[in-house]
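Report on one structure; see the data block that follows.
The values are calculated or read from the model by the stated rules, or taken from the named source; none is laboratory data. This is a predicted model, so every value here is computed, not measured. Here Cβ is always computed from backbone atoms with ideal geometry, including for glycine, and neighbour counts include all displayed protein chains. Each accessible area value is taken on the protein alone, full model and side chains, heavy atoms only, with ligands, DNA and RNA left out. Shrake-Rupley method; radii C 1.70, N 1.55, O 1.52, S 1.80 Å.
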Amino acid sequence: MGFVDLENLAKYIEFPDAAMEVLGQPQRQTIMSLRLKLSETESISAKAYVVYHSLLRGPAKGGIRMAPDVTLEHTAHLAELMTWKTALMKLPFGGGKSGIAIDPQPLTHFIKASFLRDWIMQTRLDLEKGIYVPAPDMGTGPSDMAVIFGETHIPECVTGKPIGVGGLPGRLEATGRGVATTSRLAAEQILQRPLNELTVAIQGFGNVGSFAALFCHEMGFKVVAVNDIRGGIHNPEGFDVPRLMRHVAETRSVVGFPGDSISGEELLHLPVDVLIPAAMGDVIHQKNANQIQAKIIVEAANGPVTQEADAILNDRGVQTVPDILANAGGVSASYVEWHHSKSGGMTTKQQVLDNLDALMTDAWNRTRAAQERCKCDLRTAAQLVSAEELISSLRDRNWI
Ligand code: GLU
């Protein structure tokens, strides 16, 4: 069975058994061995996993994760989330993900690119046919996507490219922008207080966390705590986030920026209004869920709250904006990039971000309407909206 609790959804809507069967398992899973010889005595190798959870609504869409601990099961979980995310956003995509089980940190750009070429060689047919359209995820970024473009010369076969090679202005900021927009909507509608009275803590200051911080700051929130793998900082008055971003650009860490130092666990337990986990999965779990004091959690990362923690938080009345909604800005901008890459169209960053705000607001409104109708938590509501899309697509394709 899959990771989304389909039995739970069937309590609220008519969920055909055949739909459960299709959506409850990945459509295709591939395990590959990658290898690169560096010299007569040295080589690097890694397992890689490519999972297409669903090709129902279009090409499998989803990023390439490079991390030492990725497994087939983990990749399948992330691919499944993409199916639910793209359907929630009404995008003509299915859900996929790749995991390459290697730590990219010590690799030079040249070695990483050469290693990625082995992955491209083994995935090439699907990339060229448009069956799978990758993008960045943890451990990969625009320059890696440029390598994929360079190997295929098909602009629409990958998204998240650098702007200079057919990338979309605003794609880099898009996930963080969507996180900030859903945080604002949640604050306005759930907490019903002015944003400049509300505090935010953000775990992780990579691409998603840093832009979420910037846009939250621009919207008026007080960003009072941030961290990264080297440490964390806290300032109850709120940070000057543009200055903090310049500090990070220069020193590669939030550490050293004025503020009290704070541990990762302390950050999660702060009495803030909004907590944004923007780093890894499973960081809020059974053991720390009771210590969370935030009123709203916005899942910028994929799967930061475990199922056990979710139940505890729901009981305690903490509302969680689920990953498939909160971080859907990235794949939504990917859709725009894919579309422009196919058609040759061009756009501006402002147009992309305005369009994204509208898409995120629409998905938020549909999720809130489902929550109202079904009297359920936001995760279940978002999944219900998505399930209705998916079940209707299954009927359209005559799969059920
Ligand atoms: N890796 C991002 C995600 O998890 C973006 C995927 C994409 O743009 O295809 O949503």
Whether segment 46-166 is rounded, prolate or oblate, judged on the alpha carbon gyration tensor where a/c under 1.5 counts as rounded: oblate
Net charge contributed by nearby residues that have their C-beta within less than 9 Å of LEU353 (K/R +1, D/E -1): -1
Quick shape check on segment 226-358: root eigenvalues a ≥ b ≥ c of the Cα gyration tensor, a/c under 1.5 is rounded, otherwise prolate if a/b tops b/c, else oblate, and it reads oblate
ASP69 neighbourhood, Cβ < 13 Å, K/R = +1, D/E = -1, net charge -1
Which is farthest toward the positive dipole end of segment 330-400 among GLN351, LEU390, SER332, measuring Cα position about the Cα centre, with Cβ charges +1 (Lys, Arg) and -1 (Asp, Glu)? LEU390
Residues with beta-carbon under 11 Å from that of VAL147, excluding VAL147: net charge, scoring Lys, Arg +1 and Asp, Glu -1? +1
Fraction of antiparallel bridges per DSSP, segment 1-144 only, in percent to nearest 5: 65 percent
Expressed in nanometres to one decimal, the distance between label points 7 Å along Cα→Cβ at LYS47 and HIS153 is 3.7 nm
In debye to the nearest 20, the charge dipole size for segment 265-400, taken about the Cα centre with +1 at each Lys and Arg Cβ and -1 at each Asp and Glu Cβ, equals 340 debye
Nearest-5 percent of antiparallel DSSP beta bridges in segment 45-122? 55 percent
Nearest 20 debye, what's the magnitude of the dipole of segment 199-266 about its Cα centre given +1 on Lys and Arg Cβ and -1 on Asp and Glu Cβ? 200 debye
Express in nm, to one decimal, how much length is gained between ASN290 and GLU266 on full extension, taking 0.36 nm for each residue of separation and deducting their alpha carbon distance. 7.3 nm
On a 26 Å Cα-Cα criterion, which of the cross-link pairs LYS61/LYS222; LYS90/LYS161; LYS112/LYS161; LYS85/LYS375; LYS85/LYS222 come out too long? LYS61/LYS222; LYS85/LYS222
So, for the chain, what is the accessible surface per residue at a probe of 1.4 Å, expressed in square angstrom? 42 Å²
Roll a 1.4 Å probe over the protein heavy atoms and report the accessible area of LYS349 in Å², nearest 10. 90 Å²
Suppose R0 equals 41 Å; then what is the FRET efficiency for ASP362 and PHE110 from their Cβ-Cβ distance, rounded to the nearest 0.05? 0.45
State to the nearest 20 debye the size of the charge dipole of segment 224-336 about its Cα centre, where the only charges are +1 on K and R beta carbons and -1 on D and E beta carbons. 220 debye
Kindly point out which whole DSSP H helices in the chain project their C-alpha atoms 20 angstrom or further along the helix axis while averaging a Kyte-Doolittle hydropathy of -1.0 or above. 72-88, 109-129, 171-186, 329-343, 349-374, 378-396
Taking the DSSP beta bridges in the chain as the whole, what percent of them are antiparallel, to the nearest 5? 50 percent
Want the number for ARG35 to GLU197: 0.36 nm per residue separation, take away the alpha-carbon distance, what's left? 53.0 nm
Could you point to the residue in THR181, VAL50, ASN290 farthest towards the positive end of the chain's charge dipole, with +1 and -1 charges on the Cβ of Lys/Arg and Asp/Glu respectively? VAL50
Count neighbours as other Cβ atoms within 10 Å of each site's Cβ, and list the GluC sites (Glu not before Pro) in segment 250-354 that are DSSP loop with at most 12 such neighbours. none
